[in-house]
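Step one of this worksheet: look at the structure below.
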Amino acid sequence: MAIQKVLIVDDSKTELMFLSELLQKQGLQVRTAENGEEAMLRLAEDKPDLILMDVVMPGQNGFQLTRAISRDPLYANVPIIMCTSKNQETDRVWGMRQGARAYITKPVDAAELQAKIAAL
């Protein structure tokens with residue numbers, strides 16, 4: 001499946017702008033959400049081909065949101081890449097156990113992100 005539409009979930013406006021610009025330069029359509037509630041609204045409006053998920057957010061965190069999305073039959077086939085400042089191995093393992101397909105730590109390396117997207 002070719003990735004064309006990406007949903008970025010992050011409470012940092014700086015990170016949303018950086019990732020949006022990076023992906024738009026690659027010709028991808030980008031939508032953003034700043035929290036779990038907004039992310040679920042965006043999912044319902046237009047199902048993306050990929051989700052980039054922050055972990056540390058107010059309200060529902062990225063681990064909880066990833067688990068909810070990956071267990072929902074409507075969205076279970078949408079790959080999620082965790083994109084977070086949490087750089088401990090236990091965080092990476094936990095993220096993958098919640099349903100993430102890949103885990104990248106911030107600051108995001110553009111080449112690494114492109115490689116992870118291409119691998120999907």
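For Ala44 and Ala76 in one chain, what is 0.36 nm times their gap in residues minus the Cα-Cα distance, to one decimal in nm?
Gain on stretching Ala44 to Ala76: 10.2 nm.
Can you list the aspartates and glutamates whose alpha carbon sits under 16 Å from that of Lys13, skipping same-chain ones fewer than 8 residues off?
Glu21, Glu34, Glu38, Asp54
Using square roots of five times the C-alpha gyration tensor eigenvalues, list the equivalent-ellipsoid semi-axes of region 1-40 in whole Å, biggest first. Walk me through the intermediate numbers first.
On the way: eigenvalues 64, 35, 5 Å².
They are 18, 13, 5 Å, listed largest first.
Express in nm, to one decimal, how much length is gained between Ile3 and Glu112 on full extension, taking 0.36 nm for each residue of separation and deducting their alpha carbon distance.
37.6 nm
Determine one quarter of the surface area of the Cα convex hull of the chain, which equals its mean projected area, and express it in nm² to one decimal.
On the way: hull surface 26.0 nm².
If I average the Cα hull's projected area over directions, I get 6.5 nm².
Taking 2.2 N^0.38 Å as the expected size of a compact globular protein, what ratio does the Cα radius of gyration of region 47-99 give against it, to two decimals?
1.07
Taking 35 Å as R0, compute the FRET efficiency from the Cβ-Cβ separation of Gln24 and Met96 and round it to 0.05.
About 0.80, to the nearest 0.05.
What relative contact order, as a whole-number percentage, does the chain give when Cα pairs under 8 Å and 6 or more residues apart are counted?
22 percent
Can you name the helices of the chain, as whole DSSP H runs, whose Cα span along the helix axis is 15 Å or more and whose Kyte-Doolittle mean is not below -0.5? Each step should come with its number before you reach the end.
Details: long enough: 13-25 (18 Å, 0.01).
Taking the DSSP H segments of the chain (at least 15 Å long, mean hydropathy at least -0.5), we get 13-25.
Quick note: the coordinates plus some simple rules give every number you see, no bench work behind them. The model shown is predicted, which means the values in this text are computed figures rather than measured ones. FYI the Cβ positions are ideal-geometry reconstructions off the backbone, even for glycines, and counts take in every protein chain you see.
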